[in-house]
Amino acid sequence: MRIECPMCGSRDRREFYYQGAAVMLARPDPQAHEADWEAYLHLRENPAGPTRELWQHDGGCGAWLVVTRDTVSHQISDTQLAADVKRAMGKAS
Amino acid sequence: MRVAGKGVIDRSKAVSFSFDGRRYSGFAGDTVASALLANGVSLMGRSFKYHRPRGVLSAGSEEPNALITTGTGAGQEPNVRATVQEIYEGLVTRSQNAWPSLDFDVMAVNDLAAPFLGAGFYYKTFMWPKRFWEAVYEPVIRKAAGLGALSGQNNPDTYERAYAFCDLLVIGAGPAGLMAALTAARAGADVILADEDSLMGGRLNAESGAVGHQSGAVWAAGIVAQLSAMDNVRLMSRTTVTGAYDGGMYGALERVNQHTGIRGAGAPLEAFWRISARHSILAAGALERPIAFRNNDRPGIMTAGAVRAYLNRWGVAPGKRVAVFGNNDDAHRTARDLAAAGVHVVALIDSRPDAVIEGATFPVFKGAQVCNSGGRKALESITIRTDSGEEALQVDCLAMSGGWNPTVHLTCHMNGRPSWREDIQAFVPTPGSIPDMTVAGACNGVFSTRACLSDGVEAARTALGALGRKAPAEMALPEAEDTPYALSPLWAVAGAGRAWLDFQNDVSVKDIKQAAAENFSSVEHMKRYTTQGMATDQGKNSNVAALAILADATGRGIPQTGTTTFRPPYAPVAIAAMGAGAQGHGFAPERHTTSHKRSVAMGAPMIEAGLWYRPSYFPKAGETTWQQSCDREVGYVRKAVGICDVSTLGKIDIQGPDAARLLDFVYTNMFSTLPVGRVRYGVMLREDGTVMDDGTTARLGAEHFVMTTTTAAAGNVMRHLEFVCQALHPEWEVSCTSVTEQWAQFAVAGPMARALLNGMLDKPIDNESWPFMACGDVQLGGVAGRLFRISFSGEHAYEIAVPSRYGAAAFDALLGRAEQMGGGAYGMEALNVLRIEKGFITHAEIEGRATAFDIGMARMISAKKDCIGKTMAARPGLVDALRPQLVGLKPVEPGGRLTAGAHLFEREAPAIRENSKGHVSSVCYSPELGMMIGLGFFAAGPARHAEVIRLVDHLRKVETEVEICHPVFLDPQGERARG
Ligand SMILES: [Zn+2]
C-alpha cells in the first residue's frame, strides 16, 4: 500500500503511523456534555466503504494527514494535511 | 535419456551433481529434474501421507512430487522443487520423506493402511481419550508430519531485501509477456519484465512450433536481446512475482545464487523484492492439469506439456515407450513431437470419440481412457479401456493432459474471484480483480501462440493508455501456430481404486466424494476436511479437478460450487528472504549512547531500554554479585558523587511565540508562569485521563523550552505534540524538534556534585547563581553546554548536556573527577534504587492505567486552564477514594522479601483474585534503610499509612507482611536536593 503525502509524494505505507478515525480533530469544549466526550474518545463508526482516518508520516516529514480510504478495497481517494483540514473546520463553524 | 539434436541446453558444458549420494552428469541449462530424467532416474520422492513412490509430474514451479533437499549442514534447504533447481557443479541433493531410503521406505506401510487413513481421519480418530492428545497423538503426528527437514542450525546464507519502481510490471516472459514488454518499452515506459524461469520465453522454449522463420526459443531469445539493450527495461529472470498487494505493490522472490555454488562473502542466495508498479500485465501462462485415474501417480506419469518441455527444451525423452492420454487437441502435439524425435509412441489415447487427429504415425485410440497403471517404483504398464474392453500396454512413460488452467492466482490476492469459462472448462481472471492490472495470453484463456503474441500487444496498449502514453503505431506480429484449443471435460476416469488429485497431500477422488457424502459440501469445508490444495503447491495441478468432482458429487455446477481463494505467496518463499537483514543484530536497530564504549570497556552488562542500550551496573574487582556493585554505586550518590548517562531520555526542543501555550495545554500544570532559567516538573495525560508521561521542562528563553520525556515514551510524546500542533491547534506558532540524539546528557549527583562541576566548568557556580531547578548555558572546557539543577535521586544533583560529539570526552572527564572524589559511575540498578527511595515514579507506576489521582498528583491538574485529559480525569470513577493509589511498602520483618508484580491483600483476607486490593509496581533493596522497600498501589492507600497488609506472589511463592507508608522513604522535606 502506498500513501500520497502532500509534502513528500507517494510513499510506502510503512513510513506512516496509523492513528484512527479523523474524528479526533473535533475535540469537544472542556465544558461539553459528557456524551460528547464519550463520542469523541470511544465511539467509532465501522464502515464498509470510505472512511476518513489519521496517519502520520513519521518516517518522513512528520506531517499528520487525513486520509480517505475505502475499507473494502483499500483504495485511497484523498490525502490532506490535518492542519489544513482543521483550519477549514474552524472556518466552517 | 538424451535425444540428439534437441533442446536449448549447452551440451559443451557438462555439469556434475549428486542425488542421494550418487553422482550424475548433466548439462548447463538442466534442472535437477531434467538431468535425472536424462540419467534414467524417475523415482524422485515419496508422497506426504502414504509415502507412495513418486516421480516428476511437471516441468515448472507447480511441481507437487519431486521435492528435494539441497545442500548439506547448516545451509541445507528442504522442499526445493527439482523442476526449478538448476544444476551446478558440485550441487548436492537428496530425496526426502523416505526412511531409510527412497528405494525402501518403512513408512510406506501407511499406504497399506490407507483404508483407515482417508479424509477426516485425524478429526475422527484423535478425538478421545482426551488425555491421549498431548501424550500420544500429537508427538506421533508431529514425527510423521512435515516434508523435508531444516538443519536446526543457524542459517549461514545471506538474503537481501530490495525495492524497485516502474511504470509497467510485466509478469511472465512467454509470447504474451515478451510482446507486451516490447510494445510498452518502445513507447518509452519504464518496464520491468519478471519471469520465474532462468530462461525467458515461457512455453516457446518447450514447444517445437516456429515463430516467424525461427524456432520459438530463438525468436524469444531475439526479443530478450532487444529488450536488454533498452535503458528503460529491466529484465528479472529467476524472479517469481509472489503476491499482488494494495496500491500497485508486488512481492517478488529472485533466486540470485540458487543456481550457483557461490555462498557467503555478501553474495545473497535470494532477494525479496517489493516492486511498486503504476500498472501491471499478468502474462503468467497456464498450468496443465492431470487426469485422475487409478494409480495415476506412478513415477513416469507426467503431464503432456511437461513431456514436451523435457523433449524440446532439455533434449530428454522421459521414457523409451511413451503413451499419451488426453481430452484435448493440445495433447496430440506431445505424441507428434515424440514421434518426430524418434521416440517410440506406443499409443495416443483421446477420450473424445470424435477427436480429429492429424499426422498420426502411431496407434490412436479415440473414445478410450486410461483406467489403471502397473509397476512399483516406476511405470511398467497402463490399462486402457475402449469400446471393445480393457487392454494393457507396456509403457515406461505416460503423458497425460486434462486441459489447461490459466494461472489466475495473482488476480485472487486482493479478494478477486475468477470466472468459469465453459468453452475451455477453466477459470479465467475476472476483469478488475487487481486495480491497474491487465491480463494477457494463456492466463486470460487465450491459448494459441499467435493469439498470445497479439494479446500481449493489446494488453500493452491498454496499459500505455492508462499510463497516459502513446502506443507505437504498429507492432509487427510474426507468424505462429494459431490452432483453436478444443477439449471436452474429463476430470476422473470411472473405476475402483484410488485415483489421485492432489499428489502432494495424497488426496484422491474418493476423498472428495467422501467429504461431500459427509456434508462437507462447501468448497472451503471440503478443502479443510480432505487437505486438498493445502500443500506447498497450493493445489495448482488439482484444485479445479477437485472442484469439478465436488460439483458432480453435490449435483451443482462448477460456477455454483465456487473456488477456494489463492493467497500469497504464489510459490513458497523462505522466511529468511522476506526477513532479510533482520537476523541476529539486524532484528532491531541498536541505539548507543556516547558513553557506550566506555561502559562496555568497564565491564557493564548492557540492558535494552527500547532500542537503547544502557549499563546495568559497573562491576569492580572482588564483587561477585550485581547487588554488591549496585549498593556501592548507590553509596557514591548518597555519600560522594555519581555519574550516569541520561542521554536516552527524550529531549524535545520547543520554540515559538505559542510554545508556553502548547506546554500549558499538554501538561496538567502551568508552564507559562515558569521564569526563564528555571525548570519545572510536569505530568501529561492522555485525553482519556490516564497518565501519558512525566518529566522536566526547562525554559531557556521567553519562546524557547526544552522538554524531557522518559526513555520509553520519547517517540509517543513527540508524536503527541505534533498531533496537538498540527491537528488540534494549527493556528499556534510553535515548532517541536526532537534533539535526543543531538545532546549527550549526564547526571552528576551527590553531595559533592557542585564541587565536581566547579572543577570543570569555565565559570564556577554556587547556590545563589544556580539554585535547585535552575538551568542555563555553561561552558565546559570551552564547549558550550547546558546545565540543569534537577535530581532524580533526591540528592544535590545536576544534569549537564553537551553536543553529542563531545559526549564521550565529557563522560570520561566527569568520571575521572568523580573517581578522584571517591565517587564513580552508576548504572540502571542504582538509578532505580535511588528513585524508589525517593518515591519517584517511572513507567512501572504510570503503566497506562494509573491516573494523576492514583499517583497522588491530582492537585497538579491546574484549575486555571484546560489541558489534554483534564475533562476525563475528573470522571467520578477516576477519582474514587477506593481506587488503588500510590503507596510506599516496607516489610514488617526487616528481612522480608518484596517482589514486583505481587498482589496486596488485607491481612486476614484469603489471597484470591477477588480479594486483591492492589499490587506492587517496583521493589529494591535499600542500602540506606537496610531492607527491601517497594512502591505499589493499594485501595485507599494514602489514608492507611502505618497499617499492615499482606503481599502475596503466587508465582514466586512469596508471602510477606508489609507496612503501608509514604512513598518517599528518604529526606521527605527534600533538603538534600536544595542544599
Ligand atoms: Zn511527508
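Read-outs throughout are calculated quantities, based only on the coordinates presented, and are distinct from any laboratory measurement. A quick note: this is a predicted structure, and the numbers were derived from the prediction, not measured. Cβ atoms come from the backbone with ideal geometry, glycine included; neighbour counts cover every protein chain shown.
Within the range B:408-471, which trypsin sites (Lys or Arg not before Pro) sit in a loop by DSSP and count at most 11 neighbouring Cβ atoms inside 10 Å?
Here the sparse-neighbourhood loop sites are B:LYS470.
From the convex hull of the Cα coordinates of the range A:9-92, what is the mean projected area in square nanometres?
In nm², the orientation-averaged hull projection of the range A:9-92 is 6.4.
Are there trypsin sites (Lys or Arg not before Pro) in the range B:852-921 that DSSP puts in a loop and that have at most 13 other Cβ atoms within 10 Å, and which ones?
Those satisfying the criteria are B:LYS864, B:ARG907.
Would you work out the charge dipole size for the range A:9-92 about its Cα centre, treating the Cβ of every Lys and Arg as +1 and the Cβ of every Asp and Glu as -1, and quote it to the nearest 20 debye?
It comes to approximately 260 debye.
So what's the convex hull volume per residue for the Cα atoms of the range B:57-110, in Å³?
Hull volume over Cα atoms, normalised by residue count, gives 105 Å³.
At a threshold of 8 angstrom on Cα-Cα distance, excluding pairs fewer than six apart, so keeping six or more, what relative contact order does the range B:881-979 reach in percent?
Here the relative contact order equals 37 percent.
Can you give the convex hull volume of the alpha carbon atoms of the range B:495-556 per residue, in Å³?
71 Å³
Each label point is 7 Å from the Cα along the Cα-to-Cβ direction; what then is the distance between the points at B:HIS344 and B:VAL106, in nm?
Computed distance between label sites B:HIS344 and B:VAL106 equals 4.0 nm.
Pairs of alpha-carbon atoms within less than 8 angstrom and 6+ residues apart define the contacts here; what relative contact order does the range B:290-402 have, in percent?
Relative CO of the range B:290-402 lands at 35 percent.
Tell me, in nm to one decimal, what length is gained between B:ALA863 and B:ARG913 on full extension, where the rule is 0.36 nm per residue of separation less the Cα-Cα distance?
14.2 nm
Over the Cα atoms of chain B, what is the Rg over Rh ratio if Rh follows Kirkwood?
1.11
A:LYS91 label point, 7 Å along Cα→Cβ, cut-off 20 Å on backbone N: hits in the range B:708-752?
B:726-733
Can you list residues from other chains, or at least 5 along the same chain, whose modelled amide H is less than 5 Å from the amide H of B:THR711?
B:GLY650
Once you treat every alpha carbon in the protein assembly as shown as an equal point and sum by Debye, what is log10 I(q)/I(0) at q = 0.04, 0.07, 0.08 Å⁻¹?
Once normalised to I(0) and log-transformed, intensities are -0.31, -0.82, -0.96.
Label points 7 Å out from Cα along the Cβ direction at B:MET249 and A:HIS42: separation in nm?
The answer from the label model is 3.4 nm.
Rounded, prolate or oblate: which one fits the range B:290-402, using the alpha carbon gyration tensor with axes a ≥ b ≥ c (rounded when a/c is under 1.5, else prolate when a/b beats b/c, else oblate)?
oblate
Any chance you could run the full-extension gain for B:ALA360 through B:GLU474? It's 0.36 nm times the residue separation minus the Cα-Cα distance, nm to one decimal.
37.1 nm
Between A:ASP84 and B:ASN716, what FRET efficiency follows from the Cβ-Cβ distance if R0 is 25 Å, with the result rounded to 0.05?
0.55
How big, in percent, is the set of alpha carbon pairs in the range B:788-834 lying more than 17 Å apart?
Everything past 17 Å amounts to 45 percent.
The range B:406-557: Rg/Rh from Cα coordinates, Kirkwood Rh?
Reported Rg/Rh, Kirkwood definition of Rh: 1.07.
I need the Kirkwood Rh of the range B:881-979: take the reciprocal of the average 1/r across all distinct C-alpha pairs and report it in angstrom.
Radius from the Kirkwood sum: 13.6 Å.
What is the range B:338-378 by shape, rounded, prolate or oblate, if you read a ≥ b ≥ c off the alpha carbon gyration tensor as root eigenvalues and call it rounded for a/c under 1.5, prolate for a/b larger than b/c, and oblate otherwise?
oblate
How many nm separate the modelled label positions at B:GLU590 and B:ARG849, each set 7 Å beyond the Cα in the direction of the Cβ?
About 3.5 nm separates the two model spin labels.
In the range B:475-508, which residues have a backbone nitrogen under 15 Å from the label point lying 7 Å from B:ASP423's Cα in the Cα-to-Cβ direction?
B:483-488
Please compute the length gained on full extension between B:VAL879 and B:HIS213, using 0.36 nm multiplied by the number of residues separating them and subtracting their Cα-Cα distance.
230.9 nm
Given R₀ = 22 Å, what would the calculated FRET efficiency be for B:ALA113 paired with B:ARG376, taking r from the Cβ atoms and rounding to 0.05?
Calculated value: 0.80.
Using alpha carbons only, what's the Rg to Rh ratio of the range B:650-738 with Rh from Kirkwood?
0.92
Considering Cα pairs under 8 angstrom that are at least six residues apart, work out the relative contact order of chain B and quote it in whole percent.
Relative contact order comes out at 9 percent.
Applying 1/(1 + (r/R0)^6) with R0 = 41 Å to the Cβ-Cβ distance of A:GLU4 and B:ASP482, what FRET efficiency is obtained, to the nearest 0.05?
0.40
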